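Written out below as structure tokens is the structure these notes cover.
None of the figures in this text is laboratory data; all of them are computed from the coordinates on show. On a predicted model such as this, the values are computed, not experimentally measured, just so you know.
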Amino acid sequence: MREGRGRRPQGGTASPSLPTPAPRCPGGHLALALRCARLVDVVAAEMLTDRTVLVDGERITAVLPGPAPVLDGVELLDLGDATSATV
């Protein structure tokens, strides 16, 4: 029998695991910390190296030097050698 949309796969009874909800700030916004090798500060017209960018919802709340520690419950995304930009 062909598996179709909305049908349970044959042969297994385990339910699929649900994704863990992303951490939230007190206001209910998404809490993120982004680590990047380079950060372009468009306002100051300078290139910063090895930075951690803290994001609350859709707003950057801080830019910290180096691999700054992040609070428990904040999702950390390591962008590796990527260059990011702030406005």
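Values computed for the structure shown
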{"item": "Whole-Hz ³J(HN,Hα) from phi, Karplus 6.51 cos²θ - 1.76 cosθ + 1.60, for the range 34-44, glycine and proline x", "result": "10, 9, 9, 6, 9, 9, 8, 8, 5, 5, 7"}
{"item": "Rg(Cα)/(2.2 N^0.38 Å) for the range 31-86, N = residue count", "result": "1.04"}
{"item": "Extension gain (nm, one decimal) between Leu64 and Asp78, 0.36 nm per residue minus Cα-Cα", "result": "3.6 nm"}
